[in-house]
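Encoded as structure tokens, the structure appears first; notes follow it.
Each reported figure results from applying straightforward, stated rules to the coordinates on display, with no laboratory input. The structure presented is a predicted model; accordingly, all values stated were derived computationally and were not measured. Every residue, glycine among them, receives a Cβ derived from its backbone with ideal geometry; neighbour counts consider all protein chains shown.
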Amino acid sequence: MTAETLKRAPAVHSRGNRKQARRNTLIGWTFILPNFLGFLAFTLIPVLAAFALSFMEWTSFSAPRWVGLANFQRMVQSDTFWVALRNTVLYALGHVPLTMALALVLALLLNRKLKGIGFFRVAIFFPYITSLVAVAVVWNMLFSPDSGPINQFLHAVGIANAPGWTSSSDWAMPAVIITSVWRDMGYYMILYLAGLQAIPTELYEAAEVDGASPWQRFWNVTLPSLRPTTFFVVVMLTVSSFKVFDLIVVMTNGGPGRATTVLSQLIYQEGIGEGKFGYSSAISLVLFVIVLTVTVLQFKLQQRRER
Amino acid sequence: MKRTTLAAIALAVTAGLGMTGCAGAAGPAEPQAQEGKTRLTVSVWNYEGTPEFKALFDGYEAANPNVDIEPVDILAEDYPQKVTTMLAGGDTTDVLTMKNVIDYSRYAGNGQLQEINSVVDSLDKDNLAGLDAFDVDGKYFAAPYRQDFWLLYYNKDLFKAAGVEDPADLTWDEYTALAQKLTTKGADGKTVYGTYHHIWRSVTQAIAAAQNNGDQIGGDYGFFEDQYNTALGLQKSGATLDFGTAKSQKTSYRTMFETGQAAMMPMGTWYISSLTQAKKDGKTNVNWGLAPMPQKKSGGDVTTFGSPTAFAVNKNAAHSEEAKKFIEWAAGEEGAKAISKIGVVPALQNDAVTDAYFKLDGLPTDELSKKAFTPDETALEMPVSDKSAATDKILNQEHDLIMVGERSVADGITEMGKRVKSEVLGQ
């Protein structure tokens, strides 16, 4: 098709050609139309609406009323908003590095030709395809302060004051982070495995010839070659960390007290729960700006490194 | 194939997809009512597991052969959110079930419900428990057909085994002592707890408010103190399952009572129908009885708390007149008898209805159980106001912290007051 088009190309301003171009565009649009309609109806328009709503007061029953920056003012003064923001950042700080490190370690361990290696890869990946609700419920039982296996094990190895996990404000967030790391590491391990397998073996051979130790080979060959993968993993993990909702709702529902309440949950509570759609849109706008800023920063850093 | 043909096919496919998409969004075609019948739609939750709806609908259809009732079944946990979304979208469901009074105040306040004073006036107002909760400055937008209240369930066999008398006329101190006495280590090493306090804040807070005339949306919560001390004392002495465990394991109160792991349990009357059903199905053989809630002082009036469930007419109802007729029937004696038959407590309380209720198969027939059924005063579980939902959330969070021992009772109560005042009351 391209060859044919090129051959006919010279008469740029001919009528037939313009017609052809228009037809091509039309065909292009036709192909993306089904997907684009869905995107328009369920993503783009709601996002723009949320942006507008954050400057209004709307209970979903009556017409929205313009209130300017009142929603944002209320947010800044609200204790709960700051608690939720702090919890969200804490979760991201725990979830992103831990998942990344474990995924990389697992990928390194499982990146070899060994009989039955497939089994281990599948085993590590399994949590990711398990229903999240099931994961949360089972981990809740494991974390149970008195009868849970985790604390029973801790007692058995001589730790008298085992943490209260989901029933303690200090330990609820670590418990949620542990669960989410366990669930996500398999997925990111697969990404790292793909990255590792794309590294040319010549590099390792050359390094070996130069007398590089395994540690030096990892540090100077593997890690730099994995940079694009790492970048992708960090961005995906960061975005998903800031969006965390389902796991927390099922595991702790934001408790005890407000110890694990995160921004997306606050958005849900204020909007769907209490019908304050303007206020909740304002919070979601803030969340959007945070995620956008962090992602842009990461892109900037990556560009600088590549230069 | 020519490109025009390709484009045409692609367009056709897209158009087709778009159209099916629209059809899908509009939902399945409305089921046609049988000839000459009015099809009345009623929003309900968990239709299969909430037999009162079927009892009411069957009863009403039998009495009114020209009406065909179509339940709009909604997942119980999502009920308030789903109804809000439906109403915002101009849904024409005729009758809306008000699952609790907090949601009712929101819908009524936003003008989503029709005023039904004419229906309420034709009802036996004096005997309709919980009606006051629906009074919005003299206007009623819903009428209660069901009124649940809290009482004390107890396991007669465990009481007999411990050699103690039935829990009549208990004070909270006596109740605590009794719970401790009834706590035993079973032969299989499993603990049988003297009582079980479920994790809901109402177990502690609503009863405290009811018995101390406290205002749960007022911002001062000193009246919670005694109740928290009782609850924490029980927990500390091991007479009830520890809150943290109950919460993290999502312990079911039904399992606690039906498997004999708890000798007593304060709980709402809604549990009666599921308990009798479970016994009928052979899922449990617990020998149970009812007693009044423990009180502050012995010998006085019995005060407990509860909340009504009501029917309202949607502002956009397709059949307003038929909807009103249905509500009048459901909140009246016929409706009360229909749900009494399956062990659900009707809002209408008169001798005929109570008699019908205790005829139910599997219900305990002793005097104490009957006495438990007629408390002297039933306070509303949570006051109706536009501040109720936000206050409820804060009280819940702080309740958690007190019960897991992260905050002392005094600190918790101070924090509740501080947060409600600043976040809800705007002081």
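For chain A, a simple Cβ point-charge model (Lys and Arg +1, Asp and Glu -1, everything else neutral) yields a dipole of about 1540 debye relative to the Cα centre. Candidates A:GLY116, A:VAL157, A:ILE178 compared by Cα position along the dipole of the stretch A:112-199: farthest toward the positive end lies A:GLY116, with charges placed on Cβ. A straight line joining the Cα centroids of the stretch A:137-155 and the stretch A:252-283 runs 28 Å. Across the stretch B:312-319, rounded Karplus estimates of 3J(HN,Hα) from the backbone phi angles (6.51 cos²θ - 1.76 cosθ + 1.60, θ = phi - 60°) give 10, 9, 4, 4, 9, 4, 7, 10 Hz, Gly and Pro being marked x. Calculated on C-alpha atoms, the gyration radius of the stretch B:316-355 divided by its Kirkwood radius gives an Rg/Rh of 1.10.
Please list, or write none, the lysines whose alpha carbon is within less than 19 Å of the alpha carbon of A:LYS19, excluding same-chain residues fewer than 8 places away. Filter leaves A:LYS7, B:LYS2.
Taking all Cα pairs closer than 8 Å and separated by 6 or more residues, the relative contact order of the stretch A:78-306 comes to 28 percent.
Computed from Cα positions, the angle between helix B:270-280 and the longest principal axis of chain B comes to roughly 90 degrees. Across the stretch A:201-214, computed HN-Hα scalar couplings (Karplus, 6.51 cos²θ - 1.76 cosθ + 1.60, θ = phi - 60°) run 5, 4, 4, 5, 4, 4, 4, 5, 4, 6, x, 7, 6, x Hz from first to last residue, x flagging Gly and Pro. In this calculation the C-beta distance from B:THR414 to A:ILE45 is compared with R0 = 60 Å, giving a FRET efficiency of 0.85. When the alpha carbon gyration tensor of the stretch A:78-306 is reduced to an equivalent ellipsoid, its three semi-axes come out at 35, 25, 15 angstrom, largest first. Between A:LEU285, A:LEU85, A:LEU44, the Gaussian network model of chain A with springs among Cα atoms under 10 angstrom shows the greatest mean-square fluctuation at A:LEU44.
Tell me which residues come under 5 Å, amide H to amide H, from B:MET293 once H is placed; ignore anything under 5 positions away on its chain. When sequence neighbours closer than 5 places are left aside, the close amide H contacts are B:LEU152. The reciprocal of the average 1/r between distinct C-alpha atoms defines the Kirkwood hydrodynamic radius, which for chain B equals 23.6 Å.
Using the C-alpha atoms of the stretch B:207-337, what convex hull volume per residue, in cubic angstrom, is computed?
Numbers: hull volume 29.0 nm³, N = 131.
Output value, Cα hull per residue: 222 Å³.
Determine the alpha carbon to alpha carbon distance for each of B:LYS250/B:LYS283; B:LYS296/B:LYS370; B:LYS337/B:LYS371; B:LYS185/B:LYS296; B:LYS156/B:LYS359; B:LYS54/B:LYS280 and list only those over 23 Å. Cα-Cα > 23 Å for B:LYS185/B:LYS296; rest within.
Only Lys, Arg, Asp and Glu carry charge here, each on its Cβ (+1 for the first two, -1 for the last two); on that basis the protein assembly as shown has a dipole of about 4680 debye about its Cα centre.
Taking a straight Cα-Cα cut-off under 23 Å and skipping sequence neighbours fewer than 8 places away in the same chain, the lysines within cross-link reach of B:LYS418 are A:LYS276, B:LYS387, B:LYS393.
Summary value for chain B: 24 percent relative contact order, contacts being C-alpha pairs under 8 angstrom separated by 6+ residues. A cut-off of 5 Å between modelled amide H atoms, ignoring neighbours fewer than 5 places along the same chain, links B:LEU348 with B:ALA129.
Once the Cα-Cα distance is subtracted from the 0.36 nm per residue extended length, the A:ALA160 to A:ASP246 segment shows a gain of 27.7 nm. Projecting label points 7 angstrom from Cα along Cα→Cβ for A:ALA70 and B:LYS190 puts them 5.6 nm apart. In this simple spin-label approximation, A:GLU202 and A:ARG86 carry label points 7 Å from Cα along the Cα→Cβ vector, and these lie 5.5 nm apart.
Find the eigenvalues of the gyration tensor of the Cα atoms of the protein assembly as shown, then list the square roots of 5 times those eigenvalues as equivalent ellipsoid semi-axes, largest first, in whole angstrom. Can you show the working numbers first?
Details: eigenvalues 560, 291, 121 Å².
Result for the protein assembly as shown: semi-axes of 53, 38, 25 Å.
Helix B:225-236 axis versus longest C-alpha principal axis of chain B: approximately 80°, rounded to the nearest ten.
Tell me what the protein assembly as shown gives for mean residue ellipticity at 222 nm when only DSSP H runs of n ≥ 4 count, each as -39,500 (n - 2.57), the sum divided by the residue total, rounded to 500 deg cm²/dmol. Walk me through the intermediate numbers first.
Working: 33 runs with 396 residues, N = 734.
Rounded to the nearest 500, the figure is -16500 deg cm²/dmol.
Each of A:THR166, A:THR25 was scored by other Cβ atoms within 10 Å of its Cβ. Listed from fewest to most, they are A:THR25, A:THR166. Separation of the stretch B:136-190 from the stretch A:15-45 is 67 Å, based on Cα centroids. Cross-link reach is defined here as a Cα-Cα straight distance under 18 Å, omitting same-chain residues fewer than 8 places apart; for B:LYS236 the aspartates and glutamates meeting it are A:ASP146, B:ASP173, B:GLU174, B:GLU225, B:ASP226, B:ASP400, B:GLU406. By the Stokes-Einstein formula, at 0.692 mPa s and 37 °C, the stretch B:290-333 with its Kirkwood radius over alpha-carbon pairs has D equal to 234 µm²/s. Averaging over all projection directions, the Cα-based convex hull of the stretch B:308-427 occupies 12.0 nm² in the image plane.
If we count other beta carbons within 10 Å of each Cβ, what is the order of B:LYS359, B:LYS247, fewest first?
Working: B:LYS359 11, B:LYS247 22.
Least crowded to most crowded, the residues run B:LYS359, B:LYS247.
With a Förster radius of 35 Å applied to the beta-carbon distance between B:ASP124 and B:SER252, the computed FRET efficiency rounds to 0.40.
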